[in-house]
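Take a look at the structure set out below.
The values are calculated or read from the model by the stated rules, or taken from the named source; none is laboratory data. Not measured: the values here are computed from a predicted model. Here the Cβ positions follow ideal geometry from the backbone for every residue, glycine too, while neighbour counts run over all protein chains shown.
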Amino acid sequence: MNSKNERTAPSTMKAIVINKITPASAAKLSVIEVLRVKPGWLLVRGGPCALGYAAVQIAHALGCKVAATVRSARHRGLLERLGCAYVLEDDGALAAKGLEPTKVLELVGTKTLLDSLKTAARSGVVCHTGILGGEEPLHAFSPLADIPNGVHLTGFHSNWPNQKTVDSMFDFIARHGIEPVIATTFPFERIGEALSLQDRSGFGGKIVVTE
């Protein structure tokens with residue numbers, strides 16, 4: 001690992017705990033540091049994933065009204081328990097529904113990014129953080145045509161935080177009781193099974209491999 005990108009976690013946290021809250025770390029940085037979310041209206045596009053679950057909890061802790069999109073209604077109950085006021089089935093055309101959230105956390109990726117830009121309220125912010133739908137390029141992307149007037153597009157990359165930001169992140173997670181949603185845990189000797197499960201869709205939460 002490049003030492004320039006290494007950051008230190010609190011010594012009181014075991015490695016497995018740090019592994020569990022990695023999605024919460026990325027969610028906190030996306031929601032607070034990039035989107036600068038305050039009490040308001042946040043849409044998490046692609047709610048049923050470890051990062052989405054963490055983002056919902058963090059935004060709810062900040063006093064936001066949170067909505068999340070799903071592809072299957074079976075995820076509705078968990079998202080509502082984590083703090084979602086609304087759970088919407090994503091048909092790929094949210095812009096036509098008149099939602100107008102002030103902030104959008106885009107976790108699906110380029111497949112829905114353009115629609116998310118059209119869904120956001122005027123002066124809203126869309127943060128591209130995830131690639132649940134695959135890492136595909138945007139062909140013939142035209143900023144003038146594809147980004148509506150007054151809407152802001154940004155992104156999050158996990159290599160940029162400094163140590164002060166990381167310390168603040170762990171403090172926030174501990175203070176607000178942000179809990180990871182764990183799909184299942186495997187011992188290290190069964191890592192092959194864990195990787196096989198990761199290649200399939202349909203599990204809810206993070207897959208953890210222990211020592």
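Kindly indicate the residue of segment 126-148 that is in contact with a Ser or Thr (Cβ under 6 Å, 6 or more places away or on another chain) and in contact (Cβ under 8 Å) with a residue 60 or more places away in the chain and also farthest from residue 41 (Cα to Cα) among those meeting that condition. The residue in question is 129.
Evaluating residue 20 against the criteria (1) modelled with pLDDT under 75; (2) surrounded by fewer than 17 Cβ atoms within 10 Å (Cβ to Cβ); (3) in the same structural domain as residue 171 (by TED's automatic domain parsing) leaves one unmet condition, (2). When 76, 45 are screened for being surrounded by 21 or more Cβ atoms within 10 Å (Cβ to Cβ), more than 16 Å from residue 180 (Cβ to Cβ) and touching a strand residue (DSSP E or B) at 6+ places or on another chain (Cβ under 7 Å), only 45 passes.
Could you check segment 61-74 and list, in sequence order, the residues that are on the phi < 0 side of the Ramachandran plot and either touching a Ser or Thr at 6+ places or on another chain (Cβ under 6 Å) or in contact (Cβ under 8 Å) with a residue 24 or more places away in the chain (or both)? Within segment 61-74, 61, 62, 64, 65, 66, 67, 68, 69, 72 meet the criteria. Of all the criteria given as (1) of a type in the set (Ser, Thr, Tyr); (2) at pLDDT below 90; (3) touching a helix residue (DSSP H, G or I) at 6+ places or on another chain (Cβ under 7 Å), the one not satisfied by residue 11 is (3). Going by what's in this entry, would residue 131 be described as part of a helix (DSSP H, G or I) and surrounded by 13 or more Cβ atoms within 10 Å (Cβ to Cβ)? In short, no. In this structure, does residue 113 turn out to be crowded, with 19+ Cβ neighbours inside 10 Å, closer than 11 Å to residue 43 by Cβ and among the hydrophobic types (A, V, I, L, M, F, W, C)? The answer is no for residue 113.
For beta carbons closer than 6 Å, sequence separation of 6+ or different chains, a first residue in segment 48-59 that is part of a loop (DSSP other than H, G, I, E, B) and a second that is modelled with pLDDT of 90 or more, the qualifying pairs are 48/70; 48/75. Restricting attention to segment 149-171, does a residue exist that is part of a loop (DSSP other than H, G, I, E, B), modelled with pLDDT of 85 or more and buried (at least 16 other Cβ atoms within 10 Å of the Cβ)? So far as segment 149-171 goes, yes, one or more of its residues are part of a loop (DSSP other than H, G, I, E, B), modelled with pLDDT of 85 or more and buried (at least 16 other Cβ atoms within 10 Å of the Cβ).
Residue 38 meets each of the listed conditions (1) out of contact with any Ser or Thr (no Cβ under 8 Å at 6 or more places or on another chain); (2) more than 20 Å from residue 157 (Cα to Cα); (3) at pLDDT 85 or above; (4) not aromatic (Phe, Trp, Tyr) apart from (3).
One residue stands out in segment 198-209 among those that are in contact with a strand residue (DSSP E or B) (Cβ under 7 Å, 6 or more places away or on another chain) and surrounded by fewer than 16 Cβ atoms within 10 Å (Cβ to Cβ): the one that is modelled with the lowest pLDDT, namely 203.
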